[in-house]
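The values are calculated or read from the model by the stated rules, or taken from the named source; none is laboratory data. Everything numeric here is computed off the predicted structure, so don't read it as measured data. Because the Cβ atoms are built from the backbone with ideal geometry, glycine has one as well, and the counts that use them run over all protein chains shown. Note: accessible area is taken over every heavy atom of the protein model, side chains too, but ligands, DNA and RNA are not part of it. Shrake-Rupley method; radii C 1.70, N 1.55, O 1.52, S 1.80 Å.
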Amino acid sequence: MTPNWIDHLPMDARTAMRTAMQPRSFVRGALIYNRTEQPGGLYVIRSGTALFQIDGANGRRLLLKIVRENELIGEIVAYDGKPAPIAVEARTALTSDFVPAARLAQLRKAHPEIDAALAAVATQNLRAMLSAIEELCLMDLHARAISCLKRLCADAAPTTEGAVHLDITQAEFASMLGASRQATNKILGQLEQKELLKRNFRFLQCSWKLRQSTAHLFV
């Protein structure tokens, strides 16, 4: 399990955070919060996965990230207390620990390390969003698909053969690209013919060759 920033806090701050946590659980498909609501606090995913996405007025969705075990959502509430800019939905049955916003504010004042860690997370998230914006606005779909696959591979552990198993469906990947399933599946099929990845109904497996590629090589 990859440690999150809470696990790296000094012992007293880490203990205070864990003491403040309240258990929460959600069924698959449950809306944890949407764009008209405040997150209410900080969530630490303990089991299951969640969809971190933008829901458009036209019913379309842009998937920004699949949030996994030991990752956090809702950090933005620590700064402005405004409604979330995104929606979070339980992708599977999900359990989490929850720190209410008011308690989080108290902990930030009592432990400066928590405030510094939240700032570092906000910076990291901003950089990730800028990378996603670059893909969506400045790359064609083929280059965007390869760039996104490589970005996803960077966060996953390779197999002994150097391949990477991505727990993402083809429909979710299309939503992450902001493209139709038909257009996305056509590109995935082309990459599969070149033995750069393997498709499955529930996952994608990227080869070592794709991980080392540059986007323009396979147009």
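The residue that is nearest to the chain's Cα centre (by Cα), counting only those in the range 99-135 that are farther than 22 Å from GLY40 by Cβ and surrounded by 15 or more Cβ atoms within 10 Å (Cβ to Cβ), is ALA132.
When only residues in the range 1-16 that are outside any loop (DSSP other than H, G, I, E, B) and not charged (D, E, K, R) count, which is farthest from GLU89 (Cα to Cα)?
Within the range 1-16, the subset outside any loop (DSSP other than H, G, I, E, B) is 5-8, 11-16.
Next cut, not charged (D, E, K, R) only: 5-6, 8, 11, 13, 15-16.
On the way: TRP5: 22, ILE6: 23, HIS8: 27, MET11: 32, ALA13: 29, THR15: 28, ALA16: 28 Å.
Selected residue: MET11.
Number of residues in the range 34-83 that are within 17 Å of ASP97 (Cβ to Cβ) and touching a Gly at 6+ places or on another chain (Cβ under 7 Å): the value is 6.
Quick one: is ALA101 at pLDDT 90 or above and within 20 Å of MET17 (Cβ to Cβ)?
Numbers: at pLDDT 90 or above: yes; within 20 Å of MET17 (Cβ to Cβ): yes.
Yes; evaluated as a whole, the condition is true for this residue.
Residue by residue, here is whether (1) under 24 Å from ILE54 (Cβ atoms); (2) free of Cβ contacts under 8 Å to residues at least 60 places away in the same chain; (3) under 20 Å from the mean Cα position of the chain (by Cα) holds:
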| position | (1), (2), (3) |
| --- | --- |
| LEU141 | yes, yes, no |
| ALA145 | yes, yes, yes |
| GLU161 | no, yes, no |
| ALA171 | yes, yes, yes |
| ALA174 | yes, yes, yes |
| ILE187 | yes, yes, no |
| ASN200 | no, yes, no |
| CYS206 | no, yes, yes |
| LEU210 | no, no, no |
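The set of residues from the range 26-56 being out of contact with any Lys or Arg (no Cβ under 8 Å at 6 or more places or on another chain), under 20 Å from LEU104 (Cβ atoms) and not aromatic (Phe, Trp, Tyr) comprises ILE32, GLU37, PRO39, GLY40, LEU42, VAL44, ARG46.
In the set ARG61, ARG108, ARG91, ARG103, only one residue is under 26 Å from THR36 (Cβ atoms), in contact with an Asp or Glu (Cβ under 8 Å, 6 or more places away or on another chain) and touching a residue at least 60 places away in the same chain (Cβ under 8 Å); that residue is ARG61.
The rows are residues; the columns are (1) open to solvent by less than 10 Å² (accessible area, probe 1.4 Å); (2) closer than 30 Å to SER147 by Cα; (3) hydroxyl-bearing (Ser, Thr, Tyr).
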site	(1), (2), (3)
SER47	no, yes, yes
LEU51	no, yes, no
ALA57	no, yes, no
ARG60	no, yes, no
VAL67	yes, yes, no
LYS82	no, no, no
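Do we have MET21 as modelled with pLDDT of 90 or more and open to solvent by 90 Å² or more (accessible area, probe 1.4 Å) here? For MET21, the condition - modelled with pLDDT of 90 or more and open to solvent by 90 Å² or more (accessible area, probe 1.4 Å) - is not met. Taking the range 119-219 and the helices (runs of 4 or more DSSP H) fully enclosed by it, the elements with 1 or more residues that are out of contact with any helix residue (DSSP H, G or I) (no Cβ under 9 Å at 6 or more places or on another chain) are at 170-177, 181-193, 208-211.
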